[in-house]
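Each remark here refers to the structure printed beneath this line.
Please treat every number below as a calculation from the coordinates, not as lab data. The shown structure was predicted, so the numbers you read here are calculated from the model rather than taken from an experiment.
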Amino acid sequence: MNKPILLYLLLLFPLSVMAQEVMPYVIASSGDTYTTASNQISWTLGDVVVETYSTGAATLTQGFQQPGLAVEVGYSDPVVTLSMNVYPVPATSYVTVEFQQIRKNLSVELYNLKGVLVHAQPVNTPRLQIDLNGMPAAEYILKIISADNTMIRSYTIIKQN
């Protein structure tokens with residue numbers, strides 16, 4: 001009688017034992033990974049649990065996309081050379097855009113982070129100012145656009161009160 005019970009336990013016990021497998025799942029509203037021959041970029045939007053702790057010597061950020069942090073604050077077309085300065089960043093009331101040399105049919109566009117165009121003007125002088133008064137304190141994207149509607153450069157503008 002003991003042999004059938006022992007045989008039953010030996011045959012059915014492995015079927016009833018299940019192990020947990022821990023996988024690094026990301027619960028996010030959006031995300032993707034892009035890979036080329038020499039680079040990889042992976043991003044998520046809306047990590048639910050992210051917290052940062054800082055001391056004088058170190059910063060610890062919790063969250064999933066943490067293999068390295070590289071922030072690109074602007075874009076520059078490698079084909080088009082355009083010498084210019086954008087200042088001050090952060091700004092409170094005006095942003096100045098200075099071109100070393102004026103090119104024909106350039107325009108300056110300012111977008112909020114929702115992608116809404118909040119200011120646009122053609123480049124007619126080597127120095128122009130963009131009025132930020134009346135705009136909320138936030139980050140904006142300043143784009144330099146060519147005549148064929150190609151973005152030549154972009155800058156991150158931080159507006160403070």
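In this entry, the range 74-159 is assigned a mean projected area of 5.2 nm², taken as a quarter of its C-alpha convex hull surface. Residue by residue, the range 94-99 carries 3J(HN,Hα) couplings of 9, 10, 9, 10, 10, 9 Hz when phi is fed to the Karplus relation 6.51 cos²θ - 1.76 cosθ + 1.60 (θ = phi - 60°); x denotes Gly or Pro.
Tell me the relative contact order for the range 74-159 as a rounded percent, counting alpha carbon contacts under 8 Å between residues six or more apart.
35 percent
For Ile157, the residues whose modelled amide H falls within less than 5 Å of its own, excluding neighbours fewer than 5 places apart on the same chain, are Tyr140, Ile141, Leu142. Scanning residues 5 or more positions from Thr92 or on other chains, those with amide H under 5 Å from its amide H are Gln160, with H placed 1.01 Å from N in the peptide plane.
Note that the range 142-148 has calculated 3J(HN,Hα) couplings of 9, 10, 9, 10, 8, 4, 8 Hz, one per residue in order, obtained from phi through the Karplus relation 6.51 cos²θ - 1.76 cosθ + 1.60 (θ = phi - 60°); glycine and proline are x. Note on Lys159: lysines with a C-alpha under 24 Å away, same-chain residues under 8 apart excluded, are Lys114, Lys143.
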